[in-house]
4 protein chains.
Amino acid sequence: MTTSPPRGRPRSSAADAAILDATRDLLASGGWNALTVEGVAARAGVAKTTVYRRFASRTDLAVAVLDDLLDATRAALDATTDPNVAVRDAIRACAEAYRSPAARGAYLAVIAAADHDPALREAVDARVVDQARRLVMRGLGLLLEQGGTTAVGAAAVIETDLLLDLVAGTLVHRMLVRGQEVDDEFIDQLAAAALAAVRAAGA
Amino acid sequence: MTTSPPRGRPRSSAADAAILDATRDLLASGGWNALTVEGVAARAGVAKTTVYRRFASRTDLAVAVLDDLLDATRAALDATTDPNVAVRDAIRACAEAYRSPAARGAYLAVIAAADHDPALREAVDARVVDQARRLVMRGLGLLLEQGGTTAVGAAAVIETDLLLDLVAGTLVHRMLVRGQEVDDEFIDQLAAAALAAVRAAGA
Amino acid sequence: MTTSPPRGRPRSSAADAAILDATRDLLASGGWNALTVEGVAARAGVAKTTVYRRFASRTDLAVAVLDDLLDATRAALDATTDPNVAVRDAIRACAEAYRSPAARGAYLAVIAAADHDPALREAVDARVVDQARRLVMRGLGLLLEQGGTTAVGAAAVIETDLLLDLVAGTLVHRMLVRGQEVDDEFIDQLAAAALAAVRAAGA
Amino acid sequence: MTTSPPRGRPRSSAADAAILDATRDLLASGGWNALTVEGVAARAGVAKTTVYRRFASRTDLAVAVLDDLLDATRAALDATTDPNVAVRDAIRACAEAYRSPAARGAYLAVIAAADHDPALREAVDARVVDQARRLVMRGLGLLLEQGGTTAVGAAAVIETDLLLDLVAGTLVHRMLVRGQEVDDEFIDQLAAAALAAVRAAGA
DNA sequence: AGGTAAACGAGACGGTACGTCTCGTCTTGCT
DNA sequence: AGCAAGACGAGACGTACCGTCTCGTTTACCT
């Protein structure tokens, strides 16, 4: 099966961009409730059909925006070989993402919707959660490379996912559930706690 | 300042109960999207006005149900003086709450709505988050009572809220964000990680 | 069967007056649509039950107000023995009634409601239309008394009700249906037309 | 200034018809109170929005139906050159309109609403009253053409509108206000009275 | 003086309809 | 084909009044 040769008028990439921008704006300014297909179309200066041709629902719109925002986050990471720095970087990157008003609005709404929608859950896991997982795994990987026997033992015991839940979950609870800011001190504390958990698991 | 004497026909407590039940049912069966004021009124056998007289929005309904479910959770806790048991109990109680289909639907939706609504955020903090906070503080309190110098030192350093974010956040991420189940093994691991974090902070 | 002696607290005549006043005001200011039992109660400073104890519907309220206003009109008539003056007086009295904003609002609404409500129709005929009929009959009576053979012949032919419809109907159409004012010239023209019709019928 | 070319999906004329039919039916069966936008939509098998896209209120619906019914009446008139026949025809046509249950319900209700709504008053005058005016003017016109000096003199004095009020008002009062039927005898009497009034004015 | 019966204010109750909003689908004509 | 425009059936929104009901509180008359 080959890609069928494009027939008729090709899709407008300007519309693509306008739709995503409009979605981001609406999410940032009024949260999930403010995100309506009708509103997106109006703000993007595009017909409703043009939106529906690309996204089946506002949830899809939110996922697309979320994906977009997280991609930007990933690119901003420095390379490092120090596990402590890597962990701190991972935390900081996640925190950065949860600070974006658009992402805040989209994140929990998408998660909530995923509770009754297996396909969406899978998409979230692959495109949103996995982003955090990669960051955490980088830190854990460095820990394993450079650490001695203890760290290796830790790796045998602690599951990557626990560490993921620990780091990402703590940030989600702090920032999204409780609406608190995170500063460098908190990041240090969280990093210390995470490393302690790893070491404890290895003992 | 005293409460003014009730005038006019008193509110029907039967309606109160029917509305909460209906809300719980709808949340459990279809999640946040299935929760409509109209649906609640119909299922509760009550007029829409009767719902609106008590709750200003479906968000309010969700908060009430959440509050209700968490109250039930609290009551189910055994008394203990062992900090390890207390921590495990706290985790188990939170996990239990996040397993309820009604609570799952309500929780993140309410959190998402709170992002653009300071009053709601406050309500969530006072009535939902605080429930978890109390559970965590009980464990930490026992730790302080029974622990030696190390634990006391820990108390001076670690903030209750970090521990709260660590425990509740990890569970939220595992169960709600990622949709995974938690078993006893996971609870043990999380408890160990939390204690390790406390000890590390005290060092 | 005698009227049972009144037991319990007697009705408040202050409430009676307040309700009628409120009804009149609402009708005058916003017409039939503005007349709600709830609004009347609020404006009269009275509980809804107090209104419903006296009037079964807003239609009843309107009839009461109409009745009240027409009574006032009747009282204002001068005695005369000149048929021409009597006819002019009748027209003028009716016109006066249709000028009152409250009466305007009530009149057509009540008539409209009567179309599907025989009991109301009867009440309207007895309490509203009959008022105009009496005025017209007075003029016709004087005409008969003073007129010669021609007028007597007219009386045998023309029905009182035709004259009633002619006079009252013309005013209703001019003032209520078309919303025009009536001046003395119009009253003269209408009087002349009415008398011509009577004479023609007698010919 | 030209009418802009129609864009988007054109309005469904089937819906137009269904809405008018439903309105007519509801008015005929239950009068003004039975006319609800919700009911019209349901009976027409149409969404509420589809009704609101065409009519801003149930008053508008009633006006449209009234307009429609009167148009039908106009078409049913025979051509004649006899002024007496023309006057009788005009009366008969008006009477016919006021016999329709749908028109009865709509007529006075619309008039009542117009009392506080200048725009509606104008619409009523242009679309409902004017229909009767045309009928009356036809009779008066023939009278002028065929009559001698007397009739011409009459035309100089009597206003068309007085004749309109006289004829239409008498019918309205007889049929709608008092709820009486009109037979041929009444029509003859009314025609005679109207002609007498014209002649009297010309004298 | 005390009891009884009705009116009173307040306001909750089950309803109905309102007019608005957004949904996701479907024409229509233009590009 | 894609696209802008906009009508369509559907259905929830939050509000306004409906007419009824339950309260606790007066206010009269009648023992």
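Coordinate-derived values only; no laboratory data. From a predicted model like this one, the values you see are computed outputs, not experimental measurements. So basically every Cβ, Gly included, is an ideal-geometry build from the backbone, and we count neighbours across all protein chains shown.
Work from the charge dipole of the range B:12-55 (Cβ charges, +1 for Lys and Arg, -1 for Asp and Glu, about the Cα centre) and give the residue of B:ALA47, B:GLY31, B:LEU20 farthest towards its positive end.
So the residue we want is B:ALA47.
I need the shape label for the range C:58-202. Rule: rounded when a/c is under 1.5, else prolate if a/b > b/c, else oblate, with a, b, c from the alpha carbon gyration tensor.
Taking the square roots of the gyration eigenvalues as a ≥ b ≥ c, the range C:58-202 is prolate.
Tell me which lysines have Cα within less than 22 Å of C:LYS48's Cα, excluding those fewer than 8 residues away on the same chain?
The reachable lysines, counting only those whose Cα sits under 22 Å from C:LYS48, are B:LYS48.
Run the numbers for B:ARG43 and B:GLU181: contour at 0.36 nm per residue of separation, minus the present Cα-Cα distance, in nm.
Numbers: separation 138, 0.36 × 138 = 49.68 nm, distance 3.07 nm.
Taking 0.36 nm per residue and subtracting the Cα distance, the gain is 46.6 nm.
Taking each label point as 7 Å beyond Cα in the direction of the beta carbon, state the distances from A:GLU96 to the same residue in the other copies, shortest first, in nm.
Those label-point separations list as 4.2, 8.3, 8.7 nm.
Treat each spin label as a single point 7 Å out from the Cα along the C-beta direction, and report the D:ALA119 to D:ASP188 distance in nm.
4.9 nm
Quick one: with label points 7 Å out along Cα→Cβ, list the inter-copy distances for A:THR80 in nm, shortest first?
Sorted ascending, the copy-to-copy spacings read 3.7, 10.4, 10.6 nm.
Once you place label points 7 Å from the Cα toward the Cβ at C:SER29 and C:SER57, how far apart are they in nm?
The answer from the label model is 2.6 nm.
Which order do the peptides D:38-49, C:85-96, A:51-62, B:160-171 take when ranked by the mean count of other beta-carbon atoms within 10 Å per residue, highest first? Could you put the intermediate results ahead of the total?
Values: D:38-49: 15.7, C:85-96: 21.2, A:51-62: 18.0, B:160-171: 24.8.
Highest-to-lowest ranking by the protection proxy: B:160-171, C:85-96, A:51-62, D:38-49.
Other chains' Cβ within 10 Å of D:120-133 residues: what's the mean?
Rounded to a whole number, the mean comes out at 1.
Using a 10 Å cut-off on Cβ to Cβ distances, tally the other chain neighbours for every residue of B:26-34 and report the average as a whole number.
Values: counts 0, 0, 0, 1, 1, 6, 5, 5, 1.
Mean number of neighbouring Cβ atoms from other chains: 2.
At a threshold of 8 angstrom on Cα-Cα distance, excluding pairs fewer than six apart, so keeping six or more, what relative contact order does the range B:1-83 reach in percent?
Values: 43 pairs, mean separation 21.4, N = 83.
RCO, the range B:1-83: 26 percent.
Along the axis that rotates chain B into chain D, which residue of chain B has the nearest beta-carbon, and what is the gap in whole Å?
B:GLU38, 7
In percent, how large is the relative contact order of chain A, given Cα pairs closer than 8 Å and 6 or more residues apart?
Once normalised by length, the contact order is 21 percent.
Report the FRET efficiency, 1/(1 + (r/R0)^6), for B:ASP82 and A:THR160, where r is their Cβ-Cβ distance and R0 is 45 Å, rounded to 0.05.
Calculated transfer efficiency: 0.90.
To the nearest 20 debye, what charge dipole does the protein assembly as shown have about its Cα centre, counting +1 at the Cβ of each Lys and Arg and -1 at the Cβ of each Asp and Glu?
That gives the protein assembly as shown a dipole magnitude of about 380 debye.
Treating only the Cβ of Lys, Arg, Asp and Glu as charged (+1, +1, -1, -1), what charge dipole size does chain A show about its Cα centre? Round to the nearest 20 debye.
On the way: 22 positive and 26 negative charges, 178 e Å.
In total the dipole reaches around 860 debye.
Positive end of the dipole of the range C:58-202, charges at C-beta (+1 Lys, Arg; -1 Asp, Glu), about the Cα centre: which of C:LEU190, C:VAL110, C:PRO83 has its Cα farthest in that direction?
Working it through, the farthest residue towards the positive pole turns out to be C:LEU190.
Given Cβ point charges of +1 (Lys, Arg) and -1 (Asp, Glu) and nothing else, what value in debye, to the nearest 20, does the dipole of the range D:21-71 about its Cα centre take?
260 debye
Mean Kyte-Doolittle of at least -1.0 plus a Cα span of 18 Å or more along the axis: flag which DSSP H helices in chain B meet both, please.
Correct list, ordered by number: B:13-34, B:58-75, B:83-99, B:101-114, B:130-146, B:184-202.
If you put a point 7 Å past Cα along the Cβ direction, how far is that point for A:THR49 from the same point in each other copy, in nm, smallest first?
Taking the point 7 Å beyond Cα along Cα→Cβ, the inter-copy spacings are 1.6, 4.5, 6.1 nm.
Would you mind giving the mean number of other chain beta-carbons within 10 Å of the Cβ of each residue in A:160-168, as a whole number?
Averaged over the peptide's residues, the number is 6.
Label the range C:79-132 by shape, choosing from rounded, prolate and oblate, from the square roots a ≥ b ≥ c of the eigenvalues of the Cα gyration tensor; if a/c is under 1.5 it is rounded, and otherwise prolate applies when a/b is larger than b/c, oblate when it is not. Let's see the in-between values first.
Working: a/c = 4.04, a/b = 1.89, b/c = 2.14.
Judged from the Cα gyration tensor, the range C:79-132 comes out oblate (a/c at least 1.5, b/c at or above a/b).
Under a crude label model (7 Å from the Cα following the beta-carbon direction), how far is D:SER12 from A:ARG11 in nanometres?
Between D:SER12 and A:ARG11, the simple spin-label model gives 3.1 nm.
Find how many whole Å separate the alpha carbon centroid of the range B:21-49 from the alpha carbon centroid of the range A:160-203.
Taking the Cα centre of each part, the range A:160-203 and the range B:21-49 sit 37 Å apart.
Which order do the peptides A:21-34, A:118-131 come out in when sorted by mean C-beta neighbours inside 10 angstrom, highest first?
Details: A:21-34: 20.1, A:118-131: 16.4.
Peptide ranking by packing, descending: A:21-34, A:118-131.
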